[in-house]
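The values are calculated or read from the model by the stated rules, or taken from the named source; none is laboratory data. Keep in mind that this is a model prediction, so the values were computed, not measured. Neighbour counts run over all protein chains shown; Cβ positions are idealised from the backbone, glycine included. For the accessible areas, the whole protein counts, side chains as well, though only heavy atoms, and no ligand, DNA or RNA atoms are used. Shrake-Rupley method; radii C 1.70, N 1.55, O 1.52, S 1.80 Å.
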Amino acid sequence: MAHDADVLTGAALSGNPEQYGHNLPLIDGNKSYSQVTAEVFAPTERRPPALWWIAIAITFSMLSLGAWAVFQTLTRGIGTWGLNRTVGWAFDITNFVFWVGIGHAGTLISAILFLFRQRWRTSINRAAEAMTLFAVMCAGTFPIIHMGRPWLAFWATPYPNSRGPLWVNFKSPLLWDVMAISTYFIISLTFWYIGLIPDLATQRDRAKTKLKRTVLSIFSLGWNGSNRTWSRYETVYMLLAGLSTPLVVSVHTIVSMDFATSVIPGWHATIFPPYFVAGAVFSGFAMVLTLMIIARKVMNLEEYITTRHLEAMTKVVLATGMIVGLAYATEFFTAWYSGNPYERYVFLNRALGPFAWAYWMMVGCNVLSPQFFWFRKVRTTPWMIFILSIFVNIGMWFERFVIIVTSLHRDYLPSSWAMYRPTFIEVAIFIGSFGLFFTLFLIFTRVLPMIAASEVKGVLKNAEH
Amino acid sequence: MPNTEHLRRSRFRASFADPDRLLFAVKHLRAAGHTVLDTYSPFPVHGMDEALGVRPSRLPRACLAFAALGLTLAFGFQIWSSAVDYPLRMGGKPLIALPAFIPVAFELTVLLAGLGVVASFFAVARMWPRLHVSDLHPGANDDRFILAAELAMDTQFSAVAADLDALGAVEMSLLVEDRLVKGASFWDRPAGAGALILACLPAFLLVASVPLFNRDFQKRNLAWDGGMGAPVSAQAFDASAVLRGGLVLQAPPPGTLSRSGAAPLAFAPGKTEAERAGRELINPYQPTQARFNRGKAMFERVCATCHGREGDNNGSVVVNRGAFAPTVLVSPLVRDMPDGRLFHIATYGGPMKMKGYGDLLSREDRWLVVLYIRELQKAAARPTSAPAVTPLPGGVQP
């Protein structure tokens, strides 16, 4: 067994180390620095393969379907959705929370793993941060569409207006949400961009065409690799990581407060913030795994994103999956212990009511499926991880659906009970959000280096530093 | 003289294939009395700051200052807008509800600290979009580890070159043109971070004071659009693409009761029901001057078009057009009908020609019209020399 210090430093054990886990090299193939540069930047310098065109054709079709559905929503009204007076939040907010949750993995990998000196993050942080940005974009569209008049979305910001000025209500969790999501997006974008600058400079130096060189010169800000700049750069990177760490926790905490500060049985729970954050990390890592397993295969990056990386992420999925499972159980206990008949009813209704199928799907995908990660064979076999990560994605979507719809559809007054069923338009918008996500990700893989080359070079000889 | 001496020292650079060799070379050159100006590498070489004698960056202080600014602005603005400028009590919470202000304050603190420290970094490191990059070695962002240094006094480059070769330099050259030297930046001086914050302060104050100066209570400010003042609402008689029947206005479901009117009549349309109404209903309104006036007005507005102002078909539009002759109200036939039956006909229409006016006239108005018809009949029964309608009919209290 390895010692804790080896986990932190990534150092190999002396003697005869077991060739497993953190004793494996971070990057396979015994690469030189110039080889890393060439291989990381190669996808941005050649024409995309046929597979890429097929993929983007599919994702762009999905995006177009979503755009059509959004157009229908905006021109015909929210009546095109399956919402009713009892279930006023359903697919849209489910999708919003789902995407925001996915958006947590990127900053978690960049910031928290950076502070914990988990050097295996270097191969995946760039793509995970990009994924975060795209996921937050997908998330942001849902509340804005749900406004019905999205061109008035700026009303959610405190700006001097002709109505008093009537300021936004700073005591409302929905406003906290606006602030949290927009701050998260801006800081994540900044963090991602700061991390990109050295690689943009490398890309600039390798650019063949004048246009590419000019654009990259603008964005690489005259980077020349000077040690004085590196020194400040590392300070700034550390500071941003330190700032992002509480930020990433705060975002889903505040999202959970959208629910927890209301008095709806099933929502009004103090467990929501930690429960949501754990769920976000859980779903985010599952999505990173899904994307990375495809990307490493398609883009021949198996030597950079090794099974060691995948295995480390599956451990996070297993741990957070169990936290989420514990939260499900705690919710039931709290409902029983509260003695509140409404609260008790909501939870019985979740597990046994008309949406019981969704509840048990959630439990099966989120609590049972990660248990396979106890086996090393599963943790190190990409196709098995891929299947399980898909299950986790499905389960986490259903978790939000269960929390939102089952709590709303039967609340205090039986005369206002109702059922919810999504319309085609809602499903199409959801499909469209996947289209947006994957289209942006596919473009990203061809335009920018998917792997942080400067960071990978720093860990090539990990035992020496 | 010694102050300018160093300017004449020659500068040279050397590149290595490995960060450890570069680090060792830097230490060696500094020990030998040369001045290493900077190193260039594709990733940060750890231990290089100490080897070069670069002090730790002061950017954390700028970050702290921006964080404090964000925290202050956020709490200040929330308190001012919620408790001073537009005090609006919500959910029974106090106007200054500090716990409720924490999330936004936290987010703004992080936002300003993050953006502020990045802006400071760009300013300090002189990073901005530029097409020509100074001091750029072709391998610096790829796989080379480069140092730029000044020769020590009384040393020849050839001696250093031999040293560098032994240290494993891949390439080295004496620099003719000095482009690798940067003077100490303004921001590197101790006052730098403070000056930066001072420089940013006016902008922040300006932004923060916009709501203070942008107030004119006398006139309506510029609205960005129609907004709440011009809602996109459906009008009753508009066509609708969504609602049943293609109309906004929907028929109430069967059995709907009016909230303002009286209870529904216990009579259906039809002649038998009209006769039953004649037996069972009596006019609940006794004649008064006011009811007479109201009945007259309603009769002349609704009934007289067909029946004539006197109830004798004189001036009837349908008669004049040659359509058909309505029943003469002052005829003995109608005179002999009970009040209830007239009321039923006014409500549901006659057996042949007349439509019902239950939808146009309220129940009270229909009874008053019946009262007025009785007065017309009385007037018609009098000798023709008498005035057509007595100003004060019988039974009316003066």
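Of note:
- Share of carbon and sulfur in the accessible area of segment A:398-450 stands at 76%, probe radius 1.4 Å.
- Full-extension gain in nm, residue A:374 to residue A:323, via 0.36 nm per residue minus C-alpha separation: 16.9 nm
- Using only alpha carbons, the protein assembly as shown has a radius of gyration to Kirkwood radius ratio (Rg to Rh) of 1.20.
- A 1.4 Å probe, protein heavy atoms only, puts the accessible area of residue A:439 near 10 Å².
- Rounded to the nearest 10 degrees, the angle from helix A:307-338 to the longest Cα principal axis of chain A is 20 degrees.
- Other protein chain Cβ atoms within 10 Å, averaged over every residue that makes up A:194-207: 3
- Candidates A:406, A:381, A:392 compared by Cα position along the dipole of segment A:376-424: farthest toward the positive end lies A:381, with charges placed on Cβ.
- Test item: B:239-250 mean partner chain Cβ contacts at 10 Å: 1
- Considering only Cα atoms, the convex hull volume of segment A:307-436 works out to 118 Å³ per residue.
- Here the spin labels are modelled as points 7 Å beyond Cα on the Cα-Cβ line, and at residue A:174 and residue B:382 they lie 7.0 nm apart.
- Mean residue ellipticity (222 nm) of the protein assembly as shown, computed from DSSP H runs ≥ 4 via -39,500 (n - 2.57), nearest 500: -17500 deg cm²/dmol
- Within 10 Å of the Cβ of each residue in A:165-175, the mean number of Cβ atoms contributed by other protein chains is 6.
- Largest accessible area first, the listed residues A:461, A:297 line up as A:297, A:461 when surface is computed with a 1.4 Å probe on the assembled protein chains.
- In nm, spacing of pseudo-spin labels at residue B:317 and residue A:210 (7 Å Cα→C-beta vector): 8.3 nm
- Relative to the globular-protein estimate of 2.2 N^0.38 Å, the Cα radius of gyration of segment B:271-381 stands at 0.98.
- Its Cα centre serving as origin, the protein assembly as shown has a Cβ charge dipole (Lys and Arg +1, Asp and Glu -1) of approximately 2480 debye.
- The calculated FRET efficiency for the pair residue A:340 and residue B:102, based on their C-beta separation and a Förster distance of 45 Å, comes to about 0.95.
- The ellipsoid equivalent to the alpha-carbon distribution of segment A:232-372 has semi-axes of 34, 21, 11 angstrom, derived from the gyration tensor eigenvalues as √(5λ) and listed largest first.
- Take chain A with all the other protein chains still there, run a 1.4 Å probe, and you get 39 Å² of accessible area per residue.
- Expressed as a whole percent, the proportion of Cα-Cα pairs in chain A lying more than 37 Å apart is 29%.
- Charge dipole (chain A, unit charges on Cβ, about Cα centre) - positive-most of A:434, A:104, A:321: A:434
- The A and B chains share an interface that buries close to 6400 Å² of accessible area, total over both sides, probe 1.4 Å.
- Pairwise FRET efficiency - residue B:360 versus residue A:262, Cβ, R0 = 41 Å, nearest 0.05: 0.25
- Here segment A:163-225 exposes an accessible surface that is 73 percent carbon and sulfur, computed with a 1.4 Å probe and the other protein chains kept in place.
- Label-to-label distance, residue A:387 versus residue B:236, with points set 7 angstrom from Cα along the beta-carbon direction: 6.5 nm.
- Solvent-accessible surface ranking, highest first, for A:76, A:421 at 1.4 angstrom: A:421, A:76
- Complex-versus-alone comparison for segment A:209-226, residues with a loss of 10 Å² or more in accessible area, probe 1.4 Å: A:213, A:214, A:217, A:218, A:221, A:222, A:223, A:224, A:225, A:226
- Drop in accessible area of at least 30 Å² in the complex versus isolated chain, residues of segment A:231-248, 1.4 Å probe: A:231, A:232, A:234, A:235, A:236, A:239, A:243
- Net lengthening on full extension, residue B:305/residue B:209 (0.36 nm per residue, minus Cα-Cα): 27.5 nm
- Once C-alpha pairs closer than 8 Å and six or more residues apart are averaged by separation and normalised to the residue number of chain A, the relative contact order reads 32 percent.
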